[in-house]
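So the structure is just underneath, and the comments pick up after that.
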Amino acid sequence: MARQTLGYLRTLFEREGIAPRKRYGQNFLIDLNLHDVIVAAGEVGPNDVVLEVGPGAGALTRRMADLGAAVIAVEIDPAMARLTRNAVEGRPNVRVLHRDALANKNRIAPEVLDAVRAGLAVDPVARRFKLVANLPYNVATPILTNLLVAEEPRVELMAVTIQWEVAERIVATPGTSAYGALSVLTNALASAEIVRKLPPSVFWPRPLVDSAIMVIRPDPARRTRLGDVLWFQSVIRRVFNHRRKNIRRVLHGYYRDMLTKSDIEDLLSQAELAPDARAETMTVDQLVGLAHRLKERLHAAPNWDGNSNSSEDSEDALDEKDDDE
């Protein structure tokens, strides 16, 4: 297989009678060195079970397979799934799944996770689960977050190409415009680093925005400290739906049927947060503490039903009073 240059891809696609499809977020890397950068960032080796979402023409898939990794390549486009199969023909350590990697926006497809589990079962002690991919823009965020929060199989490292704006949000700090629920969730569970910024010229077709190669390393100690990951995720989604509103009012809007204003002021005091604090300026540690205190207080409430998603995450949960009231 030739290296994935622009000329190679155009010739291949013309021969196969296919073209890149915008609906699937298809932008193919044509820089000869970037596949090697991604593979190095993912530390890919023979003990790895690697999930690749959006393999396209299969260049990265083949590179990882040749390093001995067990690769599960998931491709929604039937034409690209065919190209990937052709690229890795004769390599028994690659499984190509023609399907959507997501069951829905909140869940990885069970067939995909079953394939990962099967790969890990070969040697559950030595094998490591990783995500290494040039992710399609339209599924990058749900793929990353759903793998990050999943209890099992636990992903140990993610090395991905994503939209620059998403990468900025992941590494954003409190008080910046990019800081939000994605920043907090990622950094509560993992460390994240932007390896390289990529201009549109290294892709075909050229996207309208910059991209980034990013490495995310889940941290078991952070996960242990966090405790109930899904509960934490639900809390930060809610408070960042109203990132500029004071936290006392936000919590009262969502939990008014279970907690009084006095209850909320008391739990904020215990969490060492001012009632007029806003989610957009709160640190990850402060938000972790808030989620713990909130769950403790709700468990003690007489009408708590144990459902962390009992309120709708919408503006309707708040009234129309000013933020400072």
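The values are calculated or read from the model by the stated rules, or taken from the named source; none is laboratory data. This is a predicted model, so every value here is computed, not measured. For neighbour counting, all protein chains shown are included, and Cβ atoms are generated from backbone atoms with ideal geometry for every residue, glycine included.
General remarks:
- When we screen Val44, Val53, Val37 for residues that are crowded, with 20+ Cβ neighbours inside 10 Å, at pLDDT 95 or above and more than 18 Å from Arg85 (Cβ to Cβ), the only hit is Val44.
- Boolean, Asp114 is at pLDDT 95 or above and farther than 26 Å from Gln163 by Cα: yes
- Residues in segment 258-286 that are in a helix (DSSP H, G or I) and either within 18 Å of Ala188 (Cα to Cα) or under 30 Å from the mean Cα position of the chain (by Cα) (or both): 7 in all.
- Between Ala190, Ala181, the distinction of being without any contact (Cβ under 8 Å) to a residue 60 or more places away in the chain, in contact with a strand residue (DSSP E or B) (Cβ under 8 Å, 6 or more places away or on another chain) and of a type in the set (Gly, Ala, Ser) belongs to Ala190 only.
- Verdict on Thr11 being of a type outside the set (Lys, Arg), outside any loop (DSSP other than H, G, I, E, B) and without any contact (Cβ under 8 Å) to a residue 24 or more places away in the chain: yes
- Complete set of residues in segment 14-46 that are part of a loop (DSSP other than H, G, I, E, B), touching a residue at least 12 places away in the same chain (Cβ under 8 Å) and over 23 Å from the mean Cα position of the chain (by Cα): Ile18, Pro20, Ile30, Asp31, Leu32, Pro46
- Tally of residues being within 19 Å of Asn241 (Cα to Cα), modelled with pLDDT under 90 and either outside any loop (DSSP other than H, G, I, E, B) or among the hydrophobic types (A, V, I, L, M, F, W, C) (or both) across segment 292-316: 2
- Search result, residues across segment 130-152 that are surrounded by fewer than 21 Cβ atoms within 10 Å (Cβ to Cβ) and either more than 21 Å from Asp77 (Cβ to Cβ) or not assigned by TED's automatic domain parsing to the domain that holds Val71 (or both): Thr145, Val149, Ala150, Glu151, Glu152
- Residue that is surrounded by the fewest Cβ atoms within 10 Å (Cβ to Cβ) [pool: residues in segment 254-291 that are touching a Gly at 6+ places or on another chain (Cβ under 9 Å) and modelled with pLDDT under 95]: Glu272
- Number of the exception - Arg196 against (1) within 19 Å of Ile38 (Cβ to Cβ); (2) in a helix (DSSP H, G or I): (2)
- Some residue of segment 113-125 being part of a strand (DSSP E or B) and either aliphatic (A, V, I, L, M) or out of contact with any Asp or Glu (no Cβ under 6 Å at 6 or more places or on another chain) (or both): no
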